[in-house]
1. Examine region 108-116 for a residue that is touching a strand residue (DSSP E or B) at 6+ places or on another chain (Cβ under 6 Å), among the aliphatic types (A, V, I, L, M) and within 21 Å of Ala243 (Cβ to Cβ), and state whether such a residue exists.
2. Please enumerate the residues belonging to region 237-250 that are assigned to a loop (DSSP other than H, G, I, E, B) and either over 26 Å from the mean Cα position of the chain (by Cα) or over 14 Å from Leu144 (Cβ atoms) (or both).
3. Pairs only if they're at least six apart or on different chains, beta carbon under 8 angstrom, first in region 206-225 and assigned by TED's automatic domain parsing to the domain that holds Lys96 and surrounded by 11 or more Cβ atoms within 10 Å (Cβ to Cβ), second outside any helix (DSSP H, G or I) and of a type in the set (S, T, N, Q); list them, first residue then second.
4. Given the criteria more than 23 Å from Val187 (Cα to Cα), at pLDDT below 90 and outside any loop (DSSP other than H, G, I, E, B), does Ala68 qualify?
5. Any residue in region 174-188 that is farther than 19 Å from Pro101 by Cα, out of contact with any Lys or Arg (no Cβ under 7 Å at 6 or more places or on another chain) and either buried (at least 18 other Cβ atoms within 10 Å of the Cβ) or at pLDDT 95 or above (or both)?
6. Out of the residues in region 110-142 meeting the condition of being among the basic types (Lys, Arg) and within 19 Å of the chain's Cα centre (by Cα), tell me which one is modelled with the lowest pLDDT.
7. Take the residues in region 226-250 that are closer than 20 Å to Pro109 by Cβ and β-branched (Val, Ile, Thr), then tell me which one is surrounded by the fewest Cβ atoms within 10 Å (Cβ to Cβ).
8. Of the residues Leu144, Leu227, only one is within 25 Å of Thr248 (Cβ to Cβ) and part of a helix (DSSP H, G or I); which?
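The values are calculated or read from the model by the stated rules, or taken from the named source; none is laboratory data. None of the values given here were measured: they were computed from a predicted structure. Cβ atoms come from the backbone with ideal geometry, glycine included; neighbour counts cover every protein chain shown.
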Amino acid sequence: MTSRPARSPIRDRDCDEPALDTVIERIRADLGADDPRAELVPGFVREAAAGLADAPVRCYIAVLVERAARRELARPDVVARTRWIRRTPYELRMRKWDGSPGRRTPVRPLRRDEFGHWYLWPAGEPVLPRSGPPRTYDHDFVHLVPAAGCWTARWGADGDVDLYCDVTTRPVVEADAVRAVDLDLDVVRYHDGRTAVVDQEQFARRRIEMGYPWPVVHDAVATARWLHAAVSERREPFGTVGAGLLATRS
């Protein structure tokens, strides 16, 4: 009698959340804790699952998802891109609402005051954007994670922009990183003093594609309005505090 091969623990499950979690943990375990691609695994797995939602053989969906995610992680461009990620003393780590990775910025803590936690992004340290190659700048930036509020701010020259605020979920300050969800709505101040809410079309599209809950949408819009007023009127720390701290680092 021919013995049957042992069943995969996820082979005979539908592609539900527990099955996807099993796939994610299996791939992460194979990659190892030090492989920077581990943070990409949830996004690749859920993207593969979405593409297989109408597959006719449900019992094999989780297996197909795992294979598809592993293929994506092994792509040369993914491997090359993640090699730029360096273990730094501290990072600002963004992700998207669907769990996919966002921007990762290497920073150094500067100080904490009534406005929140201040960080230095030093010149020459590569930031890893959500897509594309890492970028470096020949000058410093200063970041603020507020003591209260759902946003972050960055001072420093970037084209014609000197202040950039990301609307986010409430940032969480942890031992190795600040983590938040980037909600694709931003407020910028240009060198000539103009202030604008930007990426509104992207926010409108992503909130539907990624299923932002209504309270999150409401808070994001309210935060953008508050930031626009505060930045336009140069209320602190958007007056001299942030710019002054950057000047002392230059």
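1. Among the residues of region 108-116, at least one is touching a strand residue (DSSP E or B) at 6+ places or on another chain (Cβ under 6 Å), among the aliphatic types (A, V, I, L, M) and within 21 Å of Ala243 (Cβ to Cβ), which makes the answer yes.
2. Taking region 237-250 first, the residues assigned to a loop (DSSP other than H, G, I, E, B) are 237-240, 250.
Those that are assigned to a loop (DSSP other than H, G, I, E, B) and either over 26 Å from the mean Cα position of the chain (by Cα) or over 14 Å from Leu144 (Cβ atoms) (or both): Gly239, Thr240, Ser250.
3. Within 8 Å, the pairs are Val216/Thr169.
4. Yes: the conditions hold for Ala68.
5. Yes, the conditions are met somewhere in region 174-188.
6. From region 110-142, those among the basic types (Lys, Arg) are 111-112, 130, 135; that's our starting set.
Next, from what is left, pick out any that are within 19 Å of the chain's Cα centre (by Cα): 130, 135.
On the way: Arg130: 69, Arg135: 77.
Looking at the filtered set, the residue picked out is Arg130.
7. From region 226-250, those closer than 20 Å to Pro109 by Cβ are 237, 241-250; that's our starting set.
From what is left, the residues that are β-branched (Val, Ile, Thr) are 241, 248.
On the way: Val241: 18, Thr248: 8.
Per the stated criteria, the residue is Thr248.
8. Numbers: Leu144 fails: part of a helix (DSSP H, G or I).
Just one listed residue meets the conditions, Leu227.
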